[in-house]
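Please treat every number below as a calculation from the coordinates, not as lab data. Predicted, not measured: the structure shown is a model, and the values here were computed from it. Counting neighbours? That spans all protein chains shown, and the Cβs are built from the backbone with ideal geometry, glycine included.
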């Protein structure tokens, strides 16, 4: 069991180290979310609706679209020079490989989500001071559920000819629960309601995330197998 | 089950199903009483509801066969999953076309975020993803495994998606939705509905068996071609 978690940490550590040195994905995703927020400013008629009122939905959509950009490239590096086959050939179990990838993706995307929230707070004067703790918790739960499912499907799309183009088609129909309950909880908290108001939605978000993680751990083996 | 049995079962179910389909269309057009509040358009219901029932039944079959395929690796089970998914896609499309046609007159709009309609649309996209994954891998075995994973994860997620579309709707009340369901159905309406359900269930299983048999023939033929090719190559160059 200890070896398993060492493997998870090794994979996550490798990915984060590569990311830290190249900063490719973080730079692309970061620029993406800032520019998307910028475009939203022009897409929303500010005399008719104040962006603050729909900020929760916009933040989640920006996070998902930006995250998609990075998730699609989860196995990009491994595709070169048969690195993926090498990784599979190591004594590392597929489950550890999956969880390691989820971990690194989640950490990177958490950073991007934090950036998204800050950008929205600055651009659209969204007030975050009401419930910063629970808000961060809801967003982190959402990010984890998203990467748990996204990493699994990214493993699939990496093995197809269509590649990343296929990812949203597979992923988006399944993200409906995440968006519905995530946006609702976020909007409730931003409106200043206490965290006890969102216990029900929080439970479903947790169920989604656990289900996604379990599905990933159980099925990733069949994706990497030759 | 031998292929011959499969084909015979397919023909029998298909003949019965088509016969009953003709019967229920006669019932729908000439026999069943017109619903009082919605009028003639309510008759679409008799093809809409059986379509939805099959769409979800097929998805269940896809998920179970996919899980068994990943577990045992038997190609036959994968062919069954694919056949069910094809049928499911057809009937989901029927639901998605008949629903808005009815909605335009009954609700006054082509589309509302009615939970069941939304769920069916998402189901349709999951089916589409299932086939896109299957057909876009260079290695056929891998495509089957990928598709199986998509089928299983999709099915696991359906209850949660169902919850969210239900919940979402309760937050956003729609114009009053009159629905002809419920136990207080006219007995003739119930008869028509049950005939339609039976008819299309039979048609679905007939299509399912035919597609399954076709897939088995295809793979048998591929295997023969492969053996021939390797034999032909073996005559000239000895294969190590």
Problem - Whole-number percent relative contact order across the range B:87-175, with pairs defined as alpha carbons under 8 Å at least 6 apart - result: 31 percent
Exercise for the section: Using only C-alpha atoms and all pairs of different ones, pull out the Kirkwood radius for the range A:122-222 in Å with one decimal. Expected result: 14.8 Å
Practice task
Return a whole-number percent for the relative contact order of the range A:2-224, with Cα pairs under 8 Å and 6 or more residues apart as the contact set.
Solution key: 28 percent
Practice task
Using all C-alpha to C-alpha distances in the range B:86-127, build P(r) with 10 Å bins and read off the rounded percent in each one.
Solution key: 31, 53, 15, 1
Practice task
Normalising by the residue count of chain B, find the relative contact order in percent from Cα pairs under 8 Å and 6+ residues apart.
Solution key: 36 percent
Practice task
Given the options A:67, A:155, A:192, state which has the largest fluctuation in a GNM of chain A using a 10 Å cut-off (strictly under) for Cα springs.
Solution key: A:192
Practice task
For chain B, divide the Cα radius of gyration by the Kirkwood radius and give the resulting Rg/Rh value with two decimals.
Solution key: 1.08
Fill in the blank from the handout: Using the Kirkwood radius over Cα pairs of the protein assembly as shown, the Stokes-Einstein translational diffusion coefficient at 25 °C and 0.890 mPa s, in µm²/s and rounded to a whole number, is 99 µm²/s
Fill in the blank from the handout: Rounded to a whole number, the Stokes-Einstein D of the range A:19-104 in µm²/s (Kirkwood radius over Cα pairs; 10 °C; 1.306 mPa s) is 102 µm²/s
Exercise for the section: Compute the acute angle (0 to 90°) between the alpha-carbon long axis of helix A:2-22 and the principal axis of greatest extent of the alpha-carbon atoms of chain A; round to the nearest 10°. Expected result: 70 degrees
Fill in the blank from the handout: Rg (one decimal) and Dmax (whole number) from the Cα set of the range A:2-58, in Å, equal 18.8, 58
Handout entry: the range A:70-176, Rg to Rh (Cα coordinates; Rh as Kirkwood inverse mean 1/r)
Key = 1.06
Exercise for the section: Starting from the Cα of residue A:111, step 7 Å along the direction of its Cβ; do the same at residue A:88; then give the gap between the two resulting points in nm. Expected result: 2.9 nm
Handout entry: Degrees, to the nearest 10: A:55-71 long Cα axis against longest axis of chain A
Key = 20 degrees
Practice task
Quickly rank A:128-138, A:205-215 as a protection proxy: mean count of other C-beta atoms within 10 Å, highest first.
Solution key: A:205-215, A:128-138
Exercise for the section: Kindly state, as a whole number, the per residue volume in cubic angstrom of the convex hull around the alpha carbon atoms of the range A:2-224. Expected result: 127 Å³
Exercise for the section: Identify which of A:88, A:117, A:34 has the largest mean-square fluctuation in a Gaussian network model of chain A, with springs joining Cα atoms closer than 10 Å. Expected result: A:88
Practice task
Rounded to the nearest 10 degrees, what's the angle between the helix B:187-236 long axis and the longest principal axis of chain B, both from Cα atoms, 0 to 90?
Solution key: 10 degrees
Handout entry: Hydrodynamic radius (Kirkwood) for the range B:8-59, which is based on Cα pairs only, to one decimal in Å
Key = 12.6 Å
Handout entry: Mean-position separation - Cα centroids, the range A:199-226 and the range A:118-193, in angstrom
Key = 15 Å
Fill in the blank from the handout: If one builds a Gaussian network model of chain B from Cα atoms under 10 Å apart, the most fluctuating residue listed among B:224, B:216, B:82 is B:224
Problem - Dmax and Rg, reported as Rg then Dmax, of the range B:93-164 (C-alpha, Å) - result: 15.3, 48
